[in-house]
Amino acid sequence: MSKKNVVIGVTGGVAVYKALDVISRLKKKDINVDVIMTKSACEFITPLSFQSLSQNAVIKNMFDEPKVFEIQHISLAKKADVLVVVPATANIIGKVANGIADDMLSTTIMATNAKVIFAPAMNTNMYNNPIVKENIKKLKSYGYEFINPSSGRLACGDVGDGKLADTEEIAEMILSHLHEPKDLVGKKVLVTAGPTRANIDPVRFLTNRSTGKMGYAIAEEARDRGAEVVLVSGPTSIKAPLGVKIIKVETNEEMLNAVKAEFDTSDIVVKSAAVSDYKPKTYSDKKIKKGPGNLNIELERDNDILKELGTLKKHQILVGFAAESNDVIENAHIKLKKKNLDYIVANNIIESNAGFGSDTNRVTVINRDGKEISLDNMSKRLVGHELFNMILNNK
């Protein structure tokens with residue numbers, strides 16, 4: 001596969017130095033980076049810093065004599081797989097929104113057919129100015145993408161929206177656009193992840209050891225392959241993947257309702273959440289006080305979400321997970337048939353480097369015909385990659 005090319009446009013703002021970290025993250029992924037700096041950006045930091053990190057000459061002026069005979073803004077526009085403006089000031093956003101091309105960066109943006117992404121950073125009053133908002137809305141309608149700024153203390157001392165998004169998020173968005181193949185474009189993928197909680201009283205609940213890592217990795221893989229992704233997540237400490245619609249829930253009932261609301265419009269549904277099978281028969285609205293003897297809590301069956309989806313399934317491809325501690329494959333085959341699944345992913349939760357909390361997994365994927373495909377120990381993201389390969393290739 002040929003090397004990917006990213007053009008980074010750097011405009012004048014205090015956050016300009018953070019663009020260096022974005023470049024560093026991309027270079028570590030062996031991506032070629034070309035940098036265009038506006039005149040005002042050069043007032044904040046020298047082009048030499050960007051040249052050192054990108055290992056390419058920094059382009060500053062439309063009228064600089066090129067190193068080779070080519071029209072630079074055209075050659076860069078054609079070369080780019082993705083063009084990212086970081087930080088993006090109100091000025092560059094306004095220029096592009098109104099068709100102004102009076103420097104190297106704005107001219108290159110106008111000339112490229114590549115995906116263009118803006119990462120705004122500016123004073124909170126500027127960002128919330130209705131003119132800037134209208135320009136952003138206009139550009140979005142033309143297919144330009146934006147990585148929303150975060151809220152916090154700005155360099156001017158104001159507190160509010162306008163702080164440059166985290167550089168890890170910006171790099172994540174770029175890498176997502178560069179990902180190949182894009183074989184899920186036009187598809188909607190619904191993923192569930194994490195545990196659910198069965199409440200006992202206002203301070204206590206029953207849950208399990210699921211961390212959500214598997215489901216989040218699957219959601220990221222689907223996003224990078226071009227799908228519209230909805231992630232229904234139980235309580236986790238994992239950062240929500242950029243570009244994914246996330247619905248946070250706590251209980252089995254909440255997860256059931258969220259999934260059913262998205263199910264009809266979904267093409268692929270991956271139920272990787274560890275849902276509570278039982279809940280206390282009686283919920284105490286007051287904290288249960290410690291008494292002299294034992295405490296007995298009667299449990300009753302909770303909703304079987306996966307089974308219900310199996311009965312509702314029409315065009316959807318439905319994937320379930322079987323987290324087992326014994327008779328793993330046998331139990332997975334039973335679950336596959338009983339719940340009308342197209343695929344089931346079985347794993348032994350007591351194996352090392354697999355199951356809950358691990359960054360890796362060791363699974364066997366079983367299709368509706370009973371064919372078993374074993375995946376040896378690999379990252380959970382790679383498990384997601386192989387799973388979608390099987391689904392799309394009807395294996």
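Values in this text are rule-based calculations from the coordinates and carry no lab data. Bear in mind the structure is a predicted one, so any value in this text is a computation, not a measurement. Positions of Cβ are generated from backbone atoms using ideal geometry, with glycine treated the same way; all protein chains shown enter the neighbour counts.
I need to check one value: relative contact order of the chain, counting alpha carbon pairs closer than 8 Å and at least 6 residues apart, in percent.
In percent, rounded to a whole number, it is 11.
Provide, for q = 0.13, 0.18 Å⁻¹, the log10 of I(q)/I(0) from a solvent-free Debye sum over equal Cα point scatterers in region 188-392.
Taking Cα atoms of region 188-392 as identical point scatterers yields -0.69, -1.28.
On a 0 to 90° scale, report how tilted helix 213-224 is relative to the longest principal axis of the chain, with both axes built from alpha carbons and the result rounded to the nearest 10.
So the helix axis and the longest Cα principal axis differ by about 40 degrees.
Would you kindly state how much longer the chain becomes between residue 131 and residue 353 on full extension, computed as 0.36 nm times their sequence separation minus their alpha carbon distance, in nm to one decimal?
Full extension of this stretch gives 74.7 nm more.
Which percentage, to the nearest 5, of the DSSP beta bridges contained in the chain is antiparallel?
For the chain, the DSSP antiparallel bridge percentage is about 35.
Under the rule of -39500 (n - 2.57) per DSSP H run of 4 or more residues, summed and divided by the residues of the chain, what mean residue ellipticity at 222 nm is obtained, to the nearest 500 deg cm²/dmol?
Using -39500 (n - 2.57) per qualifying helix, the result is -9500 deg cm²/dmol.
So if I take the centroid of the Cα atoms in region 330-374 and the same for region 117-140, what is the distance between those two points in Å?
46
Counting only pairs 8 or more places apart or on different chains, how many lysine pairs in region 214-310 have C-alpha atoms closer than 22 Å?
Total qualifying Lys-Lys pairs in region 214-310 comes to 20.
Extending each Cα 7 Å along its Cβ direction at residue 204 and residue 329, get the distance between those two points in nm, one decimal.
4.2
Using label points projected 7 Å from each Cα along Cα→Cβ, tell me how many nm separate residue 294 and residue 382, to one decimal.
Distance between label points: 4.7 nm.
Against the longest alpha carbon principal axis of the chain, how many degrees, from 0 to 90 and to the nearest 10, is the axis of helix 167-178 turned?
Tilt relative to the chain: about 90 degrees.
Using alpha carbons only, how many angstrom separate the centre of region 226-305 from the centre of region 202-220?
So the two Cα centres are separated by 9 Å.
How would you rank 185-192, 303-310, 94-101, highest first, on the average number of other Cβ atoms within 10 Å across their residues?
185-192, 303-310, 94-101
What's the longest bit of the chain with no exposed chymotrypsin sites (Phe, Trp or Tyr not before Pro), using DSSP loop states and at most 14 other Cβ atoms within 10 Å as the test?
In the chain, the maximal stretch lacking such sites is 143-282.
Among 318, 392, which comes first, then next, by fewest other beta-carbon atoms within 10 Å?
Final ranking by Cβ density, sparse to dense: 392, 318.
Give me the one-decimal nm value for the distance between modelled label points at residue 75 and residue 373, 7 Å along each residue's Cα-to-Cβ direction.
If labels sit at residue 75 and residue 373, their model points lie 4.4 nm apart.
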